[in-house]
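Only the coordinates and a few stated rules stand behind these numbers; no lab work does. None of these values were measured; they are calculated from a predicted model. A quick note on method: Cβ atoms are made from the backbone with ideal geometry, for glycine too, and the neighbour counts reach across all protein chains shown.
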Amino acid sequence: MKIISHNRIINPSFLLINHDLPSNTFHRPRLISASAPSISSFNEKKKDLIMRLPCCFAMRAALSSSSLDSSSVMTDTYSGSRKEKRSSFYTHPSLLEMRNEKAAIRERVYEFLRGIGIVPDELDGLELPVTVEVMRERVNFLHKLGLTIEDINNYPLILGCSVKKNMIPVLDYLGNLGVRKSTLTDFLRRYPQVLHASVVVDLAPVVKYLQGMDIKPNDIPRVVEKYPEVLGFKLEGTMSTSVAYLVGIGVARREIGGVLTRYPEILGMRVGRVIKPFVEYLEILGIPRLAVARLIEKHPHILGFGLKERVKPNITSLLQFNVRETALPSVIAQYPEMLGMDLEARLPSQQGFLNSVIESSPEDFGRVVEKMPQIISLSKAPVVKHVDFLKGCGFSSEQVREMVVGCPQVLALNLDIMKQSFEYFKTTMARPLEDLVAFPAFFTYGLESTIKPRHKRIAEKGLKCSLAWLLNCTDEKFNQRMSYDFIDMEEMEAGESSFDMNTLLEPRNDESASDYDEDYSEDDNL
């Protein structure tokens, strides 16, 4: 018996290595044997394995075909799923569709606005309510505030303000500040932009700044009512520079609060373009800078007169109507309001009227304006009454003309007081009418405070003097005169007083300019 021996094979397991090949390609499998307990068992297993291989490959082919079919089905299913998802995604509005829808909504809002008379041309690009109902609510709210369709058309951007987010917070703040309901409509007409403002960022800092300018707390709402635009100014801009310049030219620091209260528009004026040129022009006319500062303290509104448009043309008109250039400082200081009037129209009218009443010459009119520039604004009826009174006292037309030219104030004094003074002059003083013609300013002195006590003293001393020597001096000066043994003839020739520019240069000791009284009801606040 022939014995065949084999080497020992470790790990009696078989590894079948199969490469993915096309189904029509056949390769014999590699069998790797690690060990076999016996040849017979090995052969049996080998035979069994070989028998199974066709089945494996058949099954694998079937599985491969099934897998391909399944993969194809899955691919189709996934593809269908993606198609479904794509179809589902594009059911949402596209960007173009969204834009078209937004345009349609805006057009409906525009149609509503046009229907009530509002022109929406300026609203393009402004965020507006998405419904007509919300826009109608805004319009109705503005109507309740007193604003008309015309007001809204003047500033259509106000329609971009939300009632709850913008309008109500601002209105509540203004009400708490003290702005009156009666002034609210005019306030919003002048400065509708306030409804866009932030209370914390925009409004509150401005109010705090005004308080720092010594404006009294009760006057803050007055300032805001008069000049609502101030709420839109930046603190580091025009407001600070205009105040600093006024203080620099001599306006008393303690007067700034009163100046701004009476004329808050100063806070919006540019120094280089408005205030400084105005001040320098008055200096050129002969008014000292400190005197200009005093004029601004008393009449801050003169800074609002347009220099080129009004002031300079008015000065030219005064010169044309025989006001002397040397008298211009006195004329302006006496009546600074005239700088803002239309003198080109007023002066010819007043000159013609005065000529018809007292037969004055053009030169006479110039002297009258120099001594009392308020004649420019004097109405005709009082002038006629005063002229008739003087003529009724026995003065001739020529004497009346001389008295008016010498002291134009006789055309504007209280007529009842003039009658009392004339009665005392005629009965008690027993002087001739010529004394009044020479010194018509007699009527400008107080009867009880000045005329009577002084006349009594000279009568007791038996002195004879002119009315000018008697009245045209201070009480201190009069007391000195009463100590004289004789009357100085030069003082006898003293005429009526004229405006003294030095009165504007005197130090201020009163606080009256800082006080600003006006009827103001706290119950009428917003």
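Just a few scattered comments:
- Most to least packed among 320-330, 101-111 [average Cβ atoms within 10 Å]: 320-330, 101-111
- Here the range 299-458 is assigned +1 on the Cβ of each Lys and Arg and -1 on the Cβ of each Asp and Glu. Its dipole about the Cα centre then comes out at about 440 debye.
- Cα gyration tensor of the range 107-212 - equivalent ellipsoid semi-axes, whole Å, descending: 27, 14, 12
- Mean projected area in nm² (Cα convex hull; one quarter of hull surface) for the range 319-450: 8.2 nm²
- Per-residue 3J(HN,Hα) values for the range 196-201, derived from phi via the Karplus relation 6.51 cos²θ - 1.76 cosθ + 1.60 with θ = phi - 60°, read 8, 6, 9, 4, 6, 7 Hz in sequence order (x marks Gly and Pro).
- Which of Leu319, Gly352, Pro329, positive extreme of dipole for the range 299-398 (C-beta unit charges): Pro329
- Under Karplus coefficients 6.51, -1.76 and 1.60, residue-wise ³J(HN,Hα) of the range 365-373 in Hz, glycine/proline x: 4, x, 5, 5, 5, 5, 7, 8, x
- Sorted from greatest to least, the principal axis extents spanned by the alpha carbons of the range 390-491 come out as 39, 26, 22 Å.
- In plain terms, if you count all Cα to Cα distances in the range 339-383 and split them into 5 Å steps from zero, the share in each step is 5, 22, 37, 27, 8, 1 percent.
- Top positive-direction residue, dipole computed over the range 188-273 with Cβ charges, set Val194, Gly248, Met213: Gly248
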